[in-house]
Amino acid sequence: MLKYTSLKEKDLEYLTFILRNGMVTAKQLMLKFREPNIHRVYRRLRKLEGKKFVRHERIAHKVGVYLGTIDARKLTNVNATVPTKASIYTMQHDLLITDLILFYEFQAEKQGVEFKYRTEREIRHSMIGQGDNQSKLKAYNEKRDRIPDVVFFFKSTDGKVTTTWVELELNKKERKRYDEKFKLFEELLSNERLEDQPFSYDQVIYFADDVKIHNVVNEAKQRLINANKISVRKIPSVIVDERWEEVMPSGSNDEEPEGATTN
């Protein structure tokens, strides 16, 4: 592929990461690819933007995000949905999910645990299928609560893979929504592979900072047989406070990755 294009391997790696995650910041790209400075990231992004593979959006005049294009997806063959625009809510949610991915990726690397993930956009692409935009949107709305925000796979040294359904909850939902979701979790965690699900799951982790969300999740799970496989955690303070030096593989933080064992 690279023989007949001016793109380099690192360009394709950037595009793949952006497409899989929907939208990312330059800082996240710098962390992901261990770039020595942010200026190198911006140079590569300007190049990709000039070729119409990446577009830049600034939300609320504060945060700039980079999104992949349909042309980029065709070039890389990444099977993921491509966002058409970025709102304040989707931006905050998507960027925090990417932060969680980076956090666990770094922690796993330091501990010698194999870590992989599938994003909501990749899973949505596989579950919704083909068709025009209207039919795909209808299918998504019917299945949206059956698609995780991200799936984490941790492979321990003995070869066991722990598959984790991850939810990032920024706002408390109606109790009915939780009851319906937890019925799904009860099925998923009963060692079943449901027909419309790409994976069978070993555990569910909610990430939320609002104590009301912690309370409603803990209350909802108590009625389940598989309650011990569902946990709710605060978003790691390293992410919130931008203390990435504490979890980068070259750092000194040697804590066990929280998701590496079933709760």
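The values are calculated or read from the model by the stated rules, or taken from the named source; none is laboratory data. Model, not experiment: these values are computed from the prediction. Because the Cβ atoms are built from the backbone with ideal geometry, glycine has one as well, and the counts that use them run over all protein chains shown. Note: areas computed on protein heavy atoms with side chains; ligands, DNA, RNA excluded. Shrake-Rupley method; radii C 1.70, N 1.55, O 1.52, S 1.80 Å.
Remark: relative contact order (the chain) = 16 percent; criterion is Cα-Cα distance under 8 angstrom and separation of 6 or more residues.
Note on region 13-92: with charges restricted to the Cβ of Lys and Arg (+1) and Asp and Glu (-1), its dipole about the Cα centre is near 200 debye. Rolling a 1.4 Å probe over the protein heavy atoms gives the chain an accessible area of 52 Å² per residue.
I'd like to compare 40-47, 17-24, 97-104: which one has the highest average count of other Cβ atoms within 10 Å, and what's the full order after that? Working shown, then result.
Working: 40-47: 16.2, 17-24: 24.9, 97-104: 21.9.
Highest mean packing first, the order is 17-24, 97-104, 40-47.
Histogrammed with a bin width of 5 Å, the alpha carbon distances of region 1-75 distribute as 3, 16, 30, 28, 16, 6, 1, 1, 0 percent, first bin at zero.
For a protection proxy built on the mean count of beta-carbon atoms within 10 angstrom, sort 233-242, 144-153 highest first, please.
Working: 233-242: 13.9, 144-153: 18.1.
Taking the mean over residues of other Cβ atoms within 10 Å, the ranking is 144-153, 233-242.
Packing, taken as the mean count of other beta carbons within 10 Å per residue, orders the peptides 158-165, 112-119 from highest to lowest as 112-119, 158-165. Mind listing the long-range amide H neighbours of Val54? Cut-off is under 5 Å, sequence gap 5 or more, other chains count too, H placed in the peptide plane at 1.01 Å from N. For Val54, the qualifying residues are Glu49.
On a per residue basis, the convex hull of the C-alpha atoms belonging to region 1-128 measures out at 124 Å³. A cut-off of 5 Å between modelled amide H atoms, ignoring neighbours fewer than 5 places along the same chain, links Asp209 with Ile235.
For a 31 Å ceiling on Cα separation, which of these pairs sit above it: Lys110/Lys181; Lys32/Lys85; Lys62/Lys229; Lys74/Lys160? Too far apart for the 31 Å limit: Lys110/Lys181; Lys62/Lys229; Lys74/Lys160.
With charges set only on the Cβ (+1 for Lys and Arg, -1 for Asp and Glu), what does the dipole of the chain come to about its Cα centre, in debye to the nearest 20?
Details: 47 positive and 41 negative charges, 257 e Å.
Roughly 1240 debye for the chain.
Could you work out the relative contact order of region 47-124? I mean the mean sequence separation of Cα pairs under 8 Å and 6+ apart, divided by the number of residues, in percent. Each step should come with its number before you reach the end.
Numbers: 61 pairs, mean separation 17.7, N = 78.
Reported as a whole number, the value is 23 percent.
At 1.4 Å probe size, with the rest of the protein present, what percent of the exposed accessible area of the chain is carbon and sulfur atoms? For the chain, the apolar C and S fraction of the accessible surface comes to 48 percent. The DSSP beta bridges internal to region 145-255 are antiparallel in roughly 40% of cases. Pairs of Cα atoms in region 145-186 fall into 10 Å distance bins, from 0 up to the last occupied one, in shares of 23, 44, 22, 10, 0 percent. Computed over all pairs of different Cα atoms, the Kirkwood value for the hydrodynamic radius of the chain is 19.6 Å.
What does the C-alpha gyration tensor say about the overall shape of region 66-126? Classify as rounded when a/c is under 1.5, otherwise prolate if a/b is larger than b/c, or oblate. Kindly include the intermediate steps, with their values, before the conclusion.
Values: a/c = 2.47, a/b = 1.48, b/c = 1.67.
Because a/c hits 1.5 or more and a/b fails to exceed b/c, region 66-126 counts as oblate.
Summing -39500 (n - 2.57) over the DSSP H runs of n ≥ 4 in the chain and dividing by its residue number, what mean residue ellipticity at 222 nm do you reach, to the nearest 500 deg cm²/dmol? Using -39500 (n - 2.57) per qualifying helix, the result is -13000 deg cm²/dmol.
Can you say what percent of the DSSP beta bridges in the chain, counting only those with both residues inside, are antiparallel? Round to 5. Write down the numbers at each step before the final one.
Numbers: 20 of 29 bridges.
Percent antiparallel among DSSP bridges in the chain is about 70.
Within the listed set Leu95, Leu75, Leu31, the Gaussian network model of the chain (springs between alpha-carbon atoms below 10 Å) gives the highest mean-square fluctuation for Leu75.
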